[in-house]
Every structure is written in structure tokens, then in C-alpha cells.
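The values are calculated or read from the model by the stated rules, or taken from the named source; none is laboratory data. Remember, it's a predicted structure, so these values are computed and weren't measured experimentally. Here the Cβ is made from the backbone with ideal geometry for all residues, glycine too, and neighbour counts use every protein chain on show. Heavy atoms of the whole protein, side chains included, go into the accessibility calculation; ligands, DNA and RNA do not. Shrake-Rupley method; radii C 1.70, N 1.55, O 1.52, S 1.80 Å.
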Amino acid sequence: LSLSLSLKFFLRHLSNNPKMGKVQSLLLNRQRPPRSDDYYFSESYPVNDLHEAMDVTSVAFSHEENTFASADSKGKIRLIDHKAAEVNHSWSHGQSATEVLVSQRFNFIASSGRDGQVKMWGRENEEPKMTLRGHSMAVTSIALQEKEAPSELCSGSRDSCVALWDVETGSLLKKTNISRNLVTCVRFSPTDSHIVGQCGEDRSVKLWDTRQMRVCVEFPGKRHIQLCCDFRSCSNIIASSSSGQNGIGGEITISEYLS
């Protein structure tokens, strides 16, 4: 979560560096341990008990005030009022849930899990309104595109596949496999609904054109596994973060691409 927040911080402040090259790595300053106020401010709410001490794997804000969705390692999906510290609704994905997101247009919550499935939940239903099956291993990341019709959901998996789904019908539109492309994160571009950013355990960051479901840009590979990525709004800039250990790695890479 901290890495994701750091990515958003860097993306918001890239405008201060107009002479940035095509690919530029920004490394955290190792002269002293980073402080929380270097990157963001935080306010804590007593919601940890609501997850019964389980690992919270993902959170996503809802369009409703003071409400967000969360997922945990036991597969529980919760809609939480963080001001009141109350669970408004909960569902069970089954196996460990890896990511959760909230649809504003269709008013559903989607979760991905280690069972290789993506499930969409209605606010008042105990069972999923739709289950997307098409991966043979854990679905590690999902992203939603609702700006243009048809609305689409992209999923990435440890089976080295990236898949595109129709949100309204649940049908699998396209799926592509790249050898050893164990996906860690997928994100839609905010400026082009046909572009998906993806990073993985092959240590690379790729851009997919969903119209042909092919890789249109692949940035130079890194030394460490790329864990998550995100786009800067209103620009052709993507950031990614990497794994690290014993003072090595832990990079945040900012990359610019041509439209």
C-alpha cells in the first residue's frame, strides 16, 4: 500500500521535471530511513478488528461517502464505513482474495482470488451476480474501464495470461499468454481506454493494446520483480515499483511513452 501511495505522489509531482527523458529511474534516498511525511499524510481508523486479524490484501474507495471495499487473505470481501468503523455488507470470495475494486457505473464490487476467478458482487446479494472463469492459476490483479462502451474488466494471472472481459455480459473477449509473464498488476490508462499497463515477475513493464490484445510497448527490463504500476492522469507516463532486499532494489521507475 505504501508503494502504491508513493507512486501516486511521484506521478502528481512529475510536472516539476519537464526535461525528464524517455525512461528515468527514481530511487528512494537511502541516506536515512524514509519518513511517512516524505510521501503522504495518514489518518487511522479502528477497522482492523473488522478483519479478524487477517491480512488485508486490497482496498478500494467507493463513490459513496466514507465507504470503501476491502479484501483479505481468507477471501472475505467487505464494504466498510470507515468513519463509523462498521461493516455495511460482506461476501465470501472463497479462497484468498488478491484485489478488490468498485464499479461506479454498474454499482458492483469485483474481487479476484487465488482460485483463478473474478467475482462481481451486488450490494444486496449474498452470492456473486457474475463469476468470470478463464484463468488456470491465481488472478493477481484486476482493473476496470468504464469511460467508454463497452465497459471492460482486465485481469492478470500467474498463468502468464492477460484477459479482457465484457462487464455487462461477463463474456471473455480476448486472452493472450506470454511465456513467464507472471502478472503482478494491471491498470487501464486514464487517457486511452484501449491501453493497459502491466508488470510482472519477468521484471518488465508492458503496455497492451486491447484492440488486438498485443503488447505495443515493452520498457527495458529491470533487475528486480515489478510489483505494481499506475498511470499519471492526463499524460503518457506510467510508474512502477520493484521488490528489494538488504538495501538492493526497492526502485520506483517513471517511464514516458509515445501515444
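For the reader, a short list of remarks on this structure follows.
- Inside region 176-193, residues that are open to solvent by 60 Å² or more (accessible area, probe 1.4 Å), farther than 18 Å from Lys147 by Cα and outside any strand (DSSP E or B) make up a count of 2.
- Residue in region 53-70 that is more than 21 Å from the chain's Cα centre (by Cα), within 27 Å of Thr184 (Cβ to Cβ), modelled with pLDDT under 90 and of a type outside the set (S, T, N, Q) present: yes
- Boolean, Ala239 is open to solvent by 20 Å² or more (accessible area, probe 1.4 Å) and either in contact (Cβ under 8 Å) with a residue 40 or more places away in the chain or part of a loop (DSSP other than H, G, I, E, B) (or both): no
- Every residue from region 122-145 that is crowded, with 20+ Cβ neighbours inside 10 Å and among the hydroxyl-bearing types (Ser, Thr, Tyr): Thr140, Ser141
- The listed residues are Leu164, Leu173, and the only one of them that is aliphatic (A, V, I, L, M), in contact with a Lys or Arg (Cβ under 6 Å, 6 or more places away or on another chain) and either touching a residue at least 60 places away in the same chain (Cβ under 8 Å) or open to solvent by less than 80 Å² (accessible area, probe 1.4 Å) (or both) turns out to be Leu164.
- Subset tally (residues that are open to solvent by 10 Å² or more (accessible area, probe 1.4 Å), in contact with a Ser or Thr (Cβ under 8 Å, 6 or more places away or on another chain) and under 19 Å from Trp165 (Cα atoms)) for region 194-212: 2
- Scan of region 215-232 for residues that are under 23 Å from Gln145 (Cα atoms) and either free of Cβ contacts under 8 Å to residues at least 60 places away in the same chain or assigned to a strand (DSSP E or B) (or both), ordered by number: Val215, Cys216, Val217, Glu218, Gln226, Leu227, Cys228, Cys229, Asp230, Phe231
- Residue that is modelled with the lowest pLDDT, among those in region 82-121 that are within 14 Å of Gly170 (Cα to Cα) and either touching a Pro at 6+ places or on another chain (Cβ under 8 Å) or open to solvent by 50 Å² or more (accessible area, probe 1.4 Å) (or both): Phe106
- Among (1) closer than 25 Å to Ala239 by Cα; (2) open to solvent by 20 Å² or more (accessible area, probe 1.4 Å); (3) touching a strand residue (DSSP E or B) at 6+ places or on another chain (Cβ under 9 Å); (4) touching a residue at least 24 places away in the same chain (Cβ under 8 Å), the one test that Glu148 misses: (3)
- Among the criteria (1) closer than 28 Å to Thr210 by Cα; (2) within 18 Å of the chain's Cα centre (by Cα), the one Phe106 does not fulfil is (2).
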